[in-house]
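**Q** A single structure is presented below for examination.
Read-outs: derived from the displayed coordinates by stated rules, not from any lab. Since we're looking at a predicted model, the values are computed, not measured. Cβ placement follows ideal geometry from the backbone for every residue including glycine, while neighbour counts extend to all protein chains displayed.
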Number of protein chains: 2
Amino acid sequence: MSINVNVFFVSDRTGITAETLGNSLLTQFDGIDFRKSTLPFINTVEKARSTVDYINHLAETSGSRPILVSTTVSDDIRAILRGANSLFLDLFDTFIPVLELELNLHATNTAGRAHGVADTKRYYARIDAMNFALEHDDGQSSRGLASADIILIAPSRCGKTPTTLYLAMQHGIFAANFPLIEEDLEDQKLPRTIVPLSEKLFGLIVDPDRLHQIRSERRPGSEYASLRQCSFELRQAEAMYRRLGIPYVNSTTMSIEEIATLAMQEKGIRKQSF
Amino acid sequence: MSINVNVFFVSDRTGITAETLGNSLLTQFDGIDFRKSTLPFINTVEKARSTVDYINHLAETSGSRPILVSTTVSDDIRAILRGANSLFLDLFDTFIPVLELELNLHATNTAGRAHGVADTKRYYARIDAMNFALEHDDGQSSRGLASADIILIAPSRCGKTPTTLYLAMQHGIFAANFPLIEEDLEDQKLPRTIVPLSEKLFGLIVDPDRLHQIRSERRPGSEYASLRQCSFELRQAEAMYRRLGIPYVNSTTMSIEEIATLAMQEKGIRKQSF
C-alpha cells in the first residue's frame with residue numbers, strides 16, 4: 001500500500017515557480033503518492049489564513065503531514081503560511097538572505113515578477129515569436145524564413161511543431177519548421193527554399209517504431225504509416241543530415257524541453273527569460 | 001554605474017528548473033546587471049570540471065564573484081561544482097535532506113526527471129493537447145469543440161491564441177478559442193456554435209489603447225484598427241460577458257502565465273505537471 005502525502009504549491013502569483021521547484025524535488029522520491037494542488041494568487045492575509053485552515057484540516061483528516069512548497073514574497077503572508085501544520089519549504093526564506101549578504105543589497109519583496117509582465121517589450125517579443133512560429137509552421141510560408149533563428153526539419157510527424165512552438169513561447173526565439181517530403185528524401189536534397197538557409201537548420205528523427213505508431217493513429221493501415229515507409233524516410237533523413245553536416249537529434253526518448261534545449265545549444269542561441 | 005554579476009544556471013539536464021529558481025530570486029534585486037547563462041547537460045565529471053575552470057576564470061577577470069544556481073542531482077558532479085569560486089546555490093543540497101527526514105526515505109538521485117519524458121502517456125497527452133489547440137484555433141473547426149476543457153472567446157487580437165497554446169503546452173489542457181466578430185458583438189449574441197458550450201467559455205478583453213496599438217501594427221490606418229472600433233468591440237464584449245455570466249479578465253497588464261492560471265482557477269481545471 002503506497003503512502004499518500006498532500007503537497008501544496010502556494011504562491012502570491014501564478015504558482016509556476018513553486019510547481020517547478022516542488023515537482024523537481026518530488027521526482028526524487030519513489031513509492032509515495034503525492035497529491036498535488038496549486039494554490040495561486042494567495043496575496044492577502046485573509047486568503048493566507050483560509051489556506052492555513054484548509055491545510056490544517058487536511059493534516060488532521062489525512063493521517064500524514066502535508067508539504068507546503070511556497071514562493072511567497074510577502075513577509076506577512078509567509079509568516080501566516082509558516083504556521084500551518086505542514087513541512088514548510090519556502091524559496092525566499094531559504095535563498096534570499098544568502099543573496100542579500102552576497103550582493104550587499106536588500107531584496108525588494110515584490111510579488112509576481114517571475115511570471116508577470118515585468119517588461120512590455122519582452123512580452124511583445126514573445127507574442128511576436130509565437131505568431132512567427134504559427135505563420136512558419138510546416139513550411140506554410142517562406143516569406144519570413146530568412147529572419148528565423150532556427151528552422152527545424154524532419155519527415156512528417158517527428159515532432160517539429162511542438163518544439164517550434166515551445167522555442168517561441170518559452171524563449172521568444174523565431175523558430176520555423178519545414179517538412180522533408182518523400183521526394184526530398186529520395187533525392188537526398190533539401191527543399192529548394194531552405195537551401196540558402198542551411199546554417200539555421202536543425203534536424204529531427206525518431207525511432208521507426210515510434211513514427212509508425214504515431215502515423216498509424218492518423219492514417220491507420222496507410223502506406224504513409226507503414227513501418228517500411230517510416231524506416232525509409234528516417235534512414236534517408238539521417239543520411240542527408242550527416243552528409244550535409246546538419247546537426248540533429250533522435251528525439252524518441254526526449255521531452256520537448258530537452259529537444260529545444262539541445263537545439264538551442266547546438267545553434268548557439270541564447271535563452272531569453274520571461 | 002551599475003554592478004555586473006555573472007549568473008550561471010547549471011544542470012545535468014535542461015536547466016529549466018535552475019532558470020526558474022534563479023530568475024525568481026534575481027527579480028528581487030534591483031540595480032544589478034545580472035549576466036545570465038544557462039549551462040545545460042553538465043552530466044559528466046569532465047564537463048563539471050571545465051565548467052568550474054570557466055567560472056573561476058570569469059571570477060578572476062570580471063571583478064565580482066559569480067553566482068551559480070544549480071539543480072544537479074548527482075552528488076559527484078555537485079561536489080565539483082561546489083568547488084568553483086562562486087556563490088553556490090543548489091536546490092537539492094538545500095531541500096532534499098529536509099524532505100528525506102520528513103518522508104523517512106532516501107532520494108533516488110536520478111537526473112532529468114523534472115523535464116524528461118518520465119511518463120510516455122503524459123507526453124502524448126501533451127502533444128494531443130497541442131494538436132487540439134492548433135486545430136481549434138480561432139474557430140477553425142467546431143468538430144471537437146465539445147471535448148474542449150475550456151474555450152477562450154474575445155474580439156480579434158486580444159491574445160486568445162498564445163493563451164490557448166500555453167494551456168495546452170504547459171498543462172495538457174484541451175483548449176480551444178473562438179473569435180467574437182462584429183456581428184456577434186453588435187447583436188450581443190454568442191456565435192451559434194458555442195451557445196451549447198457556454199459552461200466552457202472564458203472571455204478576454206484588453207484596454208482599447210492596447211488593442212488599437214496591436215491592430216495598427218497589422219493593418220495601420222484601417223477602420224478595424226481604429227480606436228473607435230476597438231473601444232466599441234471591447235465595450236460590447238464586456239457587456240456580453242457580464243450579461244451571460246461568462247467569467248473574463250482584462251489581460252492588459254498580465255502575462256500569458258497569469259491569464260492561463262486565472263482561467264484555470266475560474267473553470268476549476270486542475271493542472272497537470274509534465
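**Q** Could you state the number of Å between the C-alpha centres of region A:192-206 and region A:34-113?
**A** Computed from Cα coordinates, the inter-centre distance equals 47 Å.
**Q** Further, regarding this structure: Report D for region B:29-72 in µm² per second (integer): Stokes-Einstein, Kirkwood Rh on Cα pairs, 4 °C, 1.567 mPa s. Each step should come with its number before you reach the end.
**A** Numbers: Rh = 11.9 Å.
The estimated diffusion coefficient comes to 109 µm²/s.
**Q** Go ahead and run the numbers for FRET between residue A:76 and residue B:61, Cβ-Cβ distance against an R0 of 41 Å, rounding to 0.05.
**A** 0.45
**Q** Of the residues A:144, A:63, A:172, which exhibits the maximal mean-square fluctuation in a Gaussian network model of chain A defined by a 10 Å Cα contact cut-off?
**A** A:63
**Q** Using Cα-Cα distances under 8 Å and only pairs 6 or more residues apart, what relative contact order does chain A have, in percent? Let's see the in-between values first.
**A** Values: 419 pairs, mean separation 38.7, N = 274.
It comes to 14 percent, rounded to a whole number.
**Q** Moving on to the next point. Which length gain, in nm to one decimal place, applies between residue B:198 and residue B:94 when the Cα-Cα distance is subtracted from 0.36 nm times their residue separation?
**A** Full extension of this stretch gives 32.8 nm more.
**Q** From the helices alone, meaning DSSP H stretches of at least four residues, give me the mean residue ellipticity at 222 nm for the protein assembly as shown, per-run term -39500 (n - 2.57), in deg cm²/dmol to the nearest 500. Intermediate values should be presented prior to the final figure.
**A** Working: 20 runs with 250 residues, N = 548.
About -14500 deg cm²/dmol.
**Q** Give me the Kirkwood hydrodynamic radius of region B:3-103, using the inverse of the mean 1/r over all pairs of distinct Cα atoms, in Å to one decimal.
**A** Numbers: mean 1/r = 0.0726 Å⁻¹.
In region B:3-103 this quantity evaluates to 13.8 Å.
**Q** May I ask you to work out the translational diffusion coefficient for region A:152-216 at 20 °C, viscosity 1.002 mPa s, via Stokes-Einstein with Rh from the Kirkwood sum over Cα pairs, reported in whole µm²/s? Numbers along the way, then the final one.
**A** Details: Rh = 12.8 Å.
D, rounded to a whole number, is 168 µm²/s.
**Q** Please compute the Cα-Cα pair-distance distribution of the protein assembly as shown with 20 Å bins starting at 0, giving whole percents from short to long.
**A** In order of increasing distance, the bins hold 20, 52, 27, 1 percent.
**Q** Past the 24 Å Cα-Cα mark, which pairs from A:267/B:36; A:121/B:36; A:267/B:121; A:47/A:121?
**A** Details: A:267/B:36 18 Å; A:121/B:36 19 Å; A:267/B:121 30 Å; A:47/A:121 33 Å.
In this structure, A:267/B:121; A:47/A:121 exceed 24 Å between Cα atoms.
**Q** In a GNM of chain B with a 10 Å cut-off on Cα contacts, which of B:208, B:247, B:196 has the highest mean-square fluctuation?
**A** So, out of B:208, B:247, B:196, the one fluctuating most is B:196.
**Q** Say a label goes 7 Å from Cα toward Cβ at residue A:104 in every copy; what distances in nm does this one have to the rest, shortest first?
**A** Going from nearest to farthest copy, the values are 4.9 nm.
**Q** What residue of chain B has the nearest C-beta to the axis that moves B onto A, and what is that distance in Å, given as a whole number?
**A** Looking at chain B's Cβ atoms against the axis toward A, the nearest is B:20, 2.
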